[in-house]
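Below is one structure, written out as structure tokens; the observations come after it.
Please treat every number below as a calculation from the coordinates, not as lab data. Note that the structure is predicted; figures quoted are calculated from it, not measured. Using ideal geometry, Cβ is built from the backbone for each residue, glycine included, and neighbour counts are taken over all protein chains shown.
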Amino acid sequence: MGRLVMKFGGTSVADIDKIRNVARHVKREVDAGHEVAVVVSAMAGKTNELVAWCAQAAGDAPGHNSASYDPKEYDAVVASGEQVTSGLLAITLQAMGLRARSWQGWQIPIRTSDAHGSARILEIDGDGLISRFQDHKEVAVIAGFPGIEPAGGRISTLGRGGSDTSAVAIAAAVKADRCDIYTDVDGVYTCDPRVVPRARRLDRIAFEDMLELASQGAKVLQVRSVELGMAYRMPIFVRSSFDRPEDIDPAATPPGTLICAEEEIMESHVVTGIAFSRDEAQISVRHVEDRPGIAAAIFGPLAEANINVDMIVQNVSEDGRTTDLTFTVPAADHARAKATISTAKDHIGYARLDTATDVSKISVIGSGMRSHAGVAAMAFRALAERDINIRAITTSEIKFSLLIDSAYTELAVRILHTLYGLDQV
Ligand code: ADP
Ligand code: ASP
Ligand code: MG
């Protein structure tokens with residue numbers, strides 16, 4: 001007998017039939033003798049609808065990026081999607097003859113920071129859930145995504161995609177043997193299979209590589225869930241919720257990807273996978289005097305405005321005397337970053353400010369890069385041969401990222417996928 005956390009994403013609970021399919025998966029594990037906590041997302045599209053309603057209620061213009069309304073009320077609204085699915089799944093399980101009850105974040109409680117809209121979990125008391133497994137033989141159906149901010153007693157949410165993080169945190173709190181993430185793909189692939197049809201499913205991936213893939217745009221798992229998995233050494237298994245529960249052989253390992261410690265991986269590849277993100281904006285501050293303190297003058301105000309700067313490139317301006325500083329920020333912060341730099345114009349002293357939002361960041365990831373030289377150089381050559389211009393580059397120990405025109409995103413990703421031998425054969 002084991003203890004499992006099973007997490008089901010939005011497409012897996014999109015309607016009552018799908019919820020019934022989820023319930024059959026849960027019953028399969030209960031029948032196999034496991035103690036089960038289930039974590040559910042809102043129905044597919046629900047959270048987007050709730051976010052849009054908040055903006056409408058506040059009178060924000062469509063497409064307006066930074067919310068002008070109270071983030072505590074945003075959380076109160078968006079948390080409702082998961083409340084609905086947790087209750088519906090509990091009802092469905094009960095109708096199948098299982099003991100089950102729903103749990104909201106505030107009831108467990110899942111205590112979080114006060115960063116409404118992107119709160120971090122501080123503490124979960126798993127003892128209550130554990131004793132209910134033992135004394136009541138009851139499936140805990142937990143609403144993923146929301147928690148409670150203890151000082152204010154207000155509902156908080158963990159950021160988009162946050163129910164993955166709820167699941168891994170619950171798994172750690174109840175000392176589960178494994179956290180299964182059921183989603184609309186049957187595992188983690190070398191790249192998003194919707195964009196690269198030849199992407200290969202990975203049987204295993206190290207926490208470090210998964211962390212980079214997730215933080216560079218592969219939305220199959222929220223970054224924070226991988227961080228927690230790594231911190232608590234919680235094995236995470238990504239698998240499909242669309243398999244029929246009746247077809248699953250309990251004795252066999254189902255298709256999926258295990259996210260685990262690097263030592264548990266036998267195969268070694270230099271490149272593990274490729275991620276991309278279209279949510280980038282490029283800002284170039286042109287003709288800046290090349291003097292000490294200039295970077296502080298530009299990046300200080302951005303840091304104070306809480307804007308995350310990612311790639312930074314400094315090069316000589318066209319006039320050969322001054323310098324240009326180019327950097328990227330999340331697309332959602334584009335307007336704020338532009339305004340922040342404009343406000344500091346006199347202090348910085350620049351001639352022109354150019355910005356672009358039609359850019360994408362492509363990241364090539366692999367812990368094997370630690371011990372291999374020249375991996376990035378291959379990419380520069382391959383993209384140059386196809387006339388794809390690289391606007392900025394950053395490298396770290398186990399990844400490098402390239403900023404390119406977003407029109408070439410798919411093409412560049414596929415070229416690199418083939419180049420590094422990741423294509424399915
Ligand atoms: P859920 O609603 O179950 O949380 P998400 O939409 O958040 O599902 O995440 C699953 C999606 O992640 C897939 O449909 C896939 O398009 C996308 N994805 C991006 N990168 C990858 C990758 N490397 N491997 C698998 N899926 C990926
Ligand atoms: N429903 C939330 C979202 O769409 C949380 C999640 O699905 O993980 O972001
Ligand atoms: Mg998700």
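Worth pointing out:
- Among residues of region 362-382, those that are more than 18 Å from residue 276 (Cα to Cα) and in a loop (DSSP other than H, G, I, E, B), counted: 3
- Subset of region 159-178 [within 14 Å of ligand 3 (Cβ to nearest atom) and either part of a helix (DSSP H, G or I) or closer than 29 Å to residue 1 by Cβ (or both)]: 163, 164, 165, 166, 167, 168
- For first residues located in region 2-22 and on the phi < 0 side of the Ramachandran plot and of a type in the set (Ser, Thr, Tyr), partners that are assigned to a helix (DSSP H, G or I) and within 16 Å of ligand 3 (Cβ to nearest atom) and lie 6+ apart or on another chain with Cβ distances below 7 Å form the pairs 12/18; 12/22.
- Pairs, first closer than 25 Å to residue 357 by Cα and touching a residue at least 24 places away in the same chain (Cβ under 8 Å) in region 315-327, second part of a loop (DSSP other than H, G, I, E, B) and small (Gly, Ala, Ser), C-beta under 7 Å, six or more apart: 323/317; 324/317
- Which listed residue is in contact with a Ser or Thr (Cβ under 9 Å, 6 or more places away or on another chain), touching a residue at least 24 places away in the same chain (Cβ under 8 Å), hydroxyl-bearing (Ser, Thr, Tyr) and more than 16 Å from ligand 1 (Cβ to nearest atom), from 86, 41, 113: 113
- Members of region 153-178 found to be in contact with a Pro (Cβ under 7 Å, 6 or more places away or on another chain) and among the hydrophobic types (A, V, I, L, M, F, W, C), listed by number: 155
- Index of the failed condition, residue 246 passing every other in (1) surrounded by fewer than 23 Cβ atoms within 10 Å (Cβ to Cβ); (2) not aromatic (Phe, Trp, Tyr); (3) not in a helix (DSSP H, G or I): (3)
- Residue under evaluation residue 75, criteria (1) charged (D, E, K, R); (2) within 18 Å of residue 162 (Cβ to Cβ); (3) in contact with a Cys (Cβ under 9 Å, 6 or more places away or on another chain), criterion not met: (3)
- Single match in 72, 18 (criterion: surrounded by fewer than 21 Cβ atoms within 10 Å (Cβ to Cβ), closer than 20 Å to residue 144 by Cα and within 16 Å of ligand 3 (Cβ to nearest atom)): 18
- Pairs, first under 12 Å from residue 273 (Cα atoms) in region 211-228, second among the basic types (Lys, Arg) and part of a helix (DSSP H, G or I), C-beta under 9 Å, six or more apart: 214/224
- Residue in region 64-78 that is within 15 Å of ligand 1 (Cβ to nearest atom) and at negative phi present: yes
- Positions within region 135-161 being within 13 Å of ligand 1 (Cβ to nearest atom) and crowded, with 24+ Cβ neighbours inside 10 Å, in sequence order: 144, 145, 158
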